[in-house]
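Bear in mind these aren't lab numbers, they're just calculated from the coordinates by the rules spelled out. Since the structure is predicted, the reported quantities are computational estimates derived from the model, not experimental observations. Here the Cβ is made from the backbone with ideal geometry for all residues, glycine too, and neighbour counts use every protein chain on show.
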Amino acid sequence: MTAHTHDGIDWTSRVASLRRAAEIDADAVRVIARRLVRTLPDDPTVVDVGCGGGGMAVALVESLTARGGGTVVLVDAVPEVLDAAVTAARAAATYENDTTTPTVRVRPVLADLAAEQPADIAGPAHLVWASRVVHHLPDQRRGVGDLVAALAPGGWLALGEGGLESRCLPWDLGIGEPGLHDRLAHARAEWFVRMRESMPGSVRLPVGWNTVLTDAGLVEVTAFSYLVDHPAPAKPVVRELVVQQLQWLAEVGAQRLHAADRHALTRLLDPDDPAFIGRRDDVFLLSTGTVHLGRKP
Ligand SMILES: C[S@@+](CC[C@H](N)C(=O)[O-])C[C@H]1O[C@@H](n2cnc3c(N)ncnc32)[C@H](O)[C@@H]1O
């Protein structure tokens, strides 16, 4: 079976970056996973759509193991991404009484969420986790409706969307104009608008996520936000992710940044340049994400 995404992003080339992000977010998503599975029935089915590097997949396997078992269904449109998440999730599984039966089963599903119905390929689910994937679908409202259709009665949708722009650089880097990070964030925001506009069949979503969840028939709609905080001096994996994020921002911002900023980025990203960002011990990672929650009556 083949599947594809609609966002023009080469996700296969981003597997290493997704894995690093999963490692860096691990502490935060572990707390979220524990919170989300607390109220589920015994032996629940939990679906992680657009599972990326598998950070939440691992956390879900761990938290379901701690409460006696269940099934984690991982859905992604990119085979290499899905494989990486499944490998990580299965490595986190434990086995019943030294048998080959895992306490938590991990089931991969390769699928394009805009083309296939989650209810058919992964439902009925007691919890659907969809983090930073719905905004990659042409019709986000329809995407949420399809996820709700995959829920069992009483099941929860946890939608990770929005939060605050992550920060990782000191304000004055000593090369180029101070405030590079803010200009990169601005360029990224413009890229995001174009990314959404250029998807075939793209539909605007002129309301907030609470409204989308309520309109989709969910009740008890709420939200909470979480923090990912790796202060400087950051460990190597954080520095590596900062380099990768900067490379990506330099790519998507190439047409939108002033020549002086592009020059600064070339130096910051050159391992042979004394200004190489990967050698600085003052980079950090600070971000927040929001999880929108709703229950199917
Ligand atoms: C930004 S990553 C989010 C990864 C992870 N959920 C997280 O929050 O860190 C988006 C993920 O959605 C997947 N994706 C994008 N479009 C998709 C689609 N149409 N169907 C299924 N997965 C898709 C990508 O392959 C990628 O793994």
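Net charge dipole, segment 1-125: roughly 400 debye, given to the nearest 20, about the Cα centre with Cβ charges of +1 for Lys and Arg and -1 for Asp and Glu.
Quick one: Y226, Y95, fewest Cβ neighbours within 10 Å first, how do they rank?
On the way: Y226 19, Y95 10.
Taking fewest neighbouring Cβ atoms as first place, the list is Y95, Y226.
Beta bridges per DSSP, both residues in the chain: antiparallel share near 45 percent.
For the chain, what is the convex hull (Cα atoms) projected area averaged across all directions, in square nanometres?
That works out to 15.9 nm².
Membrane-span-like helices in the chain, defined purely by DSSP H runs whose alpha carbon atoms cover 15 Å or more axially and whose average Kyte-Doolittle hydropathy reaches 0.0, are 15-37, 55-66, 79-92, 236-252. Please return the longest range in the chain lying between exposed loop sites, taking trypsin sites (Lys or Arg not before Pro), DSSP loop only, at most 13 other beta-carbon atoms within 10 Å, and leaving the sites out. Longest stretch, sites excluded: 39-203. With kT/(6 pi eta Rh) evaluated at 4 °C and eta = 1.567 mPa s, and Rh the Kirkwood radius from Cα pairs, segment 135-248 diffuses with a coefficient of 75 µm²/s according to Stokes-Einstein.
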